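A.B. asks: Dumping the structure here so I can ask a few things about it.
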Amino acid sequence: MRQAPVSDAGARRRPRPGLGAGLVSRFAMVGIGATLLYASLALLFSQMALAPIRASVLAYALATVFSYLGQKFLAFRSPGAHRSELPRFLVLTAIGFGVATAMPALFSGLLGFPAYVPVIATCIVVPLLNLFVLDRWVFTARQETA
């Protein structure tokens with residue numbers, strides 16, 4: 001009986017690392033750090049006579065840079081190229097901003113829920129969305145480490 005030829009194409013490919021506790025905790029630490037940086041900078045810029053909206057946008061932009069670098073190098077430990085990962089990260093950031101804008105419009109505006117409902121929903125949905133998309137689309141070159 002003749003055996004079917006065995007392809008070595010799959011042998012060269014490593015299985016994708018999973019979403020382990022280490023990755024999730026690093027992801028959370030970077031996210032909390034970015035949030036605290038945003039809040040601190042927004043307050044600081046507001047006290048430096050910047051209008052609140054400008055202060056918030058500038059603080060958000062700087063926190064986004066921190067978040068990208070932290071997620072890339074600390075959380076996901078990705079050796080991938082910035083030219084492919086950064087644009088994807090920015091698209092995800094824009095989607096997160098859209099979700100954070102849509103939640104109050106939907107839950108409070110259309111459905112009449114109190115303001116805390118969309119805030120809580122956003123605080124749950126956006127990080128979960130980010131974790132999944134960062135893992136599956138942005139930092140696909142990440143390597144498994146402890």
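A.B. asks: Projected onto the charge dipole of the chain (+1 at Lys/Arg Cβ, -1 at Asp/Glu Cβ, origin at the Cα centre), which of 79, 30, 46 gives the Cα projection farthest towards the positive end?
C.D. replies: Of the listed residues, the answer is 79.
A.B. asks: Okay, moving on. Taking 0.36 nm per residue of separation and subtracting the Cα-Cα distance, what length does fully extending residue 140 through residue 58 add?
C.D. replies: 26.6 nm
A.B. asks: Once you have a ≥ b ≥ c as the square roots of the Cα gyration tensor eigenvalues for segment 25-84, tell me rounded if a/c is under 1.5, and otherwise prolate or oblate according to whether a/b is larger than b/c.
C.D. replies: It is oblate, given that a/c is not under 1.5 and a/b is not larger than b/c.
A.B. asks: Not counting the cut sites, what is the longest span of the chain without trypsin sites (Lys or Arg not before Pro) that DSSP labels loop and that have at most 16 other Cβ atoms within 10 Å?
C.D. replies: It runs 14-146.
A.B. asks: Let me ask you something else. What number, rounded to the nearest 500 deg cm²/dmol, is the helix-based mean residue ellipticity at 222 nm of the chain, given -39500 (n - 2.57) per DSSP H run of at least four residues and division by all its residues?
C.D. replies: Theoretical 222 nm ellipticity from helices: -20500 deg cm²/dmol.
A.B. asks: Moving on to the next point. Sequence gap at least 6, Cα distance under 8 Å: using those rules, report the relative contact order of the chain to the nearest whole percent.
C.D. replies: So the answer I get is 27 percent.
A.B. asks: Another question, then. Quick one: what Rg and Dmax do you get for segment 78-140 from the alpha carbons, in Å?
C.D. replies: In order Rg, Dmax, the Cα atoms of segment 78-140 give 14.2, 46 Å.
A.B. asks: Restricting everything to alpha-carbon atoms, can you work out Rg to Rh for the chain with a Kirkwood hydrodynamic radius?
C.D. replies: Using only Cα positions, Rg/Rh for the chain is 1.13.
Throughout, read-outs are computed from the coordinates displayed, never taken from laboratory work. Quick caveat, the model's predicted, so the values are computed rather than measured. Glycine gets a Cβ as well: all are built from the backbone with ideal geometry, and neighbour counts include every protein chain shown.
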